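Q: Below is the structure I would like to discuss, written out as structure tokens.
The values are calculated or read from the model by the stated rules, or taken from the named source; none is laboratory data. This structure is a prediction, so every number in the text was calculated from the model and none was measured. Please note: Cβ atoms are built from the backbone with ideal geometry, for glycine as well, and neighbour counts cover all protein chains shown.
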Amino acid sequence: MRNVIILFIIFFLLRCSGDKVSVKVVSASELYSHINENNSSSFVLLNIWSTSCLPCIQEFPYIVNLINHYDRRKLDIKFLSTDWDENSDKVLNFLADQNVIGQHYRKKEGDDQDFINEICKSWSGALPFTGIFNKELKLISFWEGKRDESFFISKIDSLLNIEGERL
């Protein structure tokens, strides 16, 4: 029995150490540079959200589900929080609760309008904001406000030029 408990503890510790959430604080230009350096996908979906935005929180699981629907070579999904520095723990906890591992981003504090304009000049600043970029990080589609999972799938499928088939 003791060996079973020890094995369970070792398994649990190894599992926890491999599933890490990382949040990098970035400006818009740093975000683009980081994504560009680490991107091998045809498209990048960027969701900009905040822990204080109820529609963002409601929409978040729909986007997380997309990670399992699409081949990462076709679509890479990135999340950027607009939470202030003092809420950084809240961001990490939310991402962990959503079982989202890997590299995520948080907006560097500073001029919000400059950040908005660098992401998309047509963006009003409303959250959530979702943009889809091509391989060269040119914004090819965007929308503001909460959408449901079927909207995301339809939009992505049309951009991937496949009808209803998820890779």
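One line per residue, one yes/no per condition, for (1) in contact (Cβ under 8 Å) with a residue 24 or more places away in the chain; (2) in contact with a His (Cβ under 6 Å, 6 or more places away or on another chain); (3) crowded, with 17+ Cβ neighbours inside 10 Å; (4) not in a loop (DSSP other than H, G, I, E, B):
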site: L80; (1), (2), (3), (4): yes, no, yes, yes
site: D83; (1), (2), (3), (4): yes, no, yes, no
site: V100; (1), (2), (3), (4): yes, no, yes, no
site: H104; (1), (2), (3), (4): yes, no, yes, yes
site: E109; (1), (2), (3), (4): yes, no, no, no
site: N117; (1), (2), (3), (4): no, no, no, yes
site: S150; (1), (2), (3), (4): no, no, no, yes
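Q: Is there a residue being of a type in the set (K, R), without any contact (Cβ under 8 Å) to a residue 24 or more places away in the chain and either exposed (fewer than 15 other Cβ atoms within 10 Å of the Cβ) or at positive phi (or both) anywhere in the range 131-145?
A: Checked against the condition, which is being of a type in the set (K, R), without any contact (Cβ under 8 Å) to a residue 24 or more places away in the chain and either exposed (fewer than 15 other Cβ atoms within 10 Å of the Cβ) or at positive phi (or both), the range 131-145 yields at least one hit.
Q: Please find, among N3, N38, the residue that is touching a strand residue (DSSP E or B) at 6+ places or on another chain (Cβ under 8 Å), modelled with pLDDT under 95 and surrounded by fewer than 15 Cβ atoms within 10 Å (Cβ to Cβ). Steps first, please.
A: Working: N3 fails: touching a strand residue (DSSP E or B) at 6+ places or on another chain (Cβ under 8 Å).
So the residue among N3, N38 that is touching a strand residue (DSSP E or B) at 6+ places or on another chain (Cβ under 8 Å), modelled with pLDDT under 95 and surrounded by fewer than 15 Cβ atoms within 10 Å (Cβ to Cβ) is N38.
Q: Let me ask something else about it. Between residues in the range 34-46 that are without any contact (Cβ under 8 Å) to a residue 60 or more places away in the chain and residues that are among the polar types (S, T, N, Q), which pairs lie under 7 Å by C-beta distance while being six or more apart or on different chains?
A: none
Q: Here's another thing I want to ask about it. With (1) farther than 19 Å from K135 by Cβ; (2) under 14 Å from the mean Cα position of the chain (by Cα) as the list, and S52 as the residue in question, which single condition is left unmet?
A: Among (1) farther than 19 Å from K135 by Cβ; (2) under 14 Å from the mean Cα position of the chain (by Cα), the lone unmet condition for S52 is (2).
Q: Could you tell me how many of the residues in the range 119-147 are of a type in the set (D, E, K, R), part of a strand (DSSP E or B) and modelled with pLDDT under 95?
A: 0
Q: I've got another one for you. Can you confirm whether the range 58-68 contains a residue that is surrounded by 14 or more Cβ atoms within 10 Å (Cβ to Cβ) and not in a helix (DSSP H, G or I)?
A: Of the range 58-68, the ones surrounded by 14 or more Cβ atoms within 10 Å (Cβ to Cβ) are 59-60, 62-64, 66-67.
Among the residues that remain, those that are also not in a helix (DSSP H, G or I) are: none.
Scanning the range 58-68 turns up no residue that is surrounded by 14 or more Cβ atoms within 10 Å (Cβ to Cβ) and not in a helix (DSSP H, G or I).
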